[in-house]
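Following: one structure in structure tokens, then a few remarks.
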Amino acid sequence: MFHLIETIALHKKFTSGKNIIIAVEDVSLTFDKGTSTAITGPSGCGKTTLINMIGLLVPPSSGELLINSTSFSTINSRERTKYRNQFFGYIVQNFALVDHYNVYENVEIPLLYANPALNKKERRNRVQSVLQKVGILEKVKEKVSTLSGGQKQRVAIARALVNNPEVILADEPTGSLDTETSKEIFLLLKSLVEEGKTLIMVTHNPELAQGCEREIKMIDGNLLI
């Protein structure tokens, strides 16, 4: 059966002085298009390391990652960069926005590295379209430093969507938000899945995990079966 993403015995170790830390140990999983998956577990269990390996941000120590049946153990750095920029959209807990930029400038950032390059009009149309989708177009000229937490996360989601990625990787996307705003952001993410996006989300929030089609639990770098 064809899977959008498949991990085969992914393993990641870090060295700290003489100590070897096993962050992820032989994790094999599949993810299909248009599905939502929550990855849960205690702090330090390897959740973020796992999605960072899936998103090509961190190389595995061993194991194999397949995307669209292509093994990324043989892909050159240029192709990896292209996938990071166009196949994946990233959302993190602390928003990772540039405070002295306005909303438009923050969302435009991934488009400046798009391949093939886009002209100014194409970039403007894309930015306005995703800001409309996430319900924050009226803030387009405002500095992000003036926005509420929920508004900042909507900007971060717009930035993740602007290159029309296949997969959204969300690391604690509501961790900095109040309960009501968390629900709003999660409903927005679920609506994207309904449109065909694939969501892989790290969360400590049991309600959000239950709202996904599948929950994967981790402990000490391993899958909890």
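The values are calculated or read from the model by the stated rules, or taken from the named source; none is laboratory data. Keep in mind it's a predicted model, so treat the numbers as computed, not measured. Counting neighbours? That spans all protein chains shown, and the Cβs are built from the backbone with ideal geometry, glycine included. Surface areas here come from the heavy atoms of the whole protein model, side chains and all, with no ligands, DNA or RNA. Shrake-Rupley method; radii C 1.70, N 1.55, O 1.52, S 1.80 Å.
Miscellaneous remarks
- Bins of 5 Å, starting at 0 and running to the largest distance - Cα pair percent for the stretch 161-205: 5, 22, 30, 25, 14, 4
- Converting the Cα gyration tensor eigenvalues of the chain into ellipsoid dimensions via √(5λ) gives semi-axes, longest first, of 29, 21, 17 Å.
- The ratio of the alpha-carbon radius of gyration of the stretch 32-120 to the globular-protein estimate 2.2 N^0.38 Å is 1.27.
- For the chain, share of DSSP beta bridges that run antiparallel, in % to the nearest 5: 50
- In the context of the full protein assembly, residue 105 retains an accessible surface of approximately 70 Å², using a probe radius of 1.4 Å and ignoring ligands and nucleic acids.
- Between the stretch 78-145 and the stretch 12-39, the alpha-carbon centres lie 28 Å apart.
- Where the chain is the region considered: accessible area per residue in Å², 1.4 Å probe: 50
- Rh by Kirkwood over Cα pairs, then Stokes-Einstein D for the stretch 112-225 at 1.567 mPa s and 4 °C, µm²/s: 83
- Taking 7 Å steps out from each Cα toward its Cβ at residue 148 and residue 179 produces label points 1.6 nm apart.
- As a fraction of the 1.4 Å probe accessible area of the chain, surface on carbon and sulfur atoms comes out at 49 percent.
- For the stretch 22-78, alpha-carbon Rg and Dmax in angstrom: 12.1, 35
- Applying 1/(1 + (r/R0)^6) with r as the Cβ-Cβ distance of residue 66 and residue 210 and R0 = 30 angstrom yields a FRET efficiency of 0.60.
- From most to least packed by mean Cβ count within 10 Å, the peptides 35-43, 66-74, 170-178, 153-161 give 153-161, 170-178, 35-43, 66-74.
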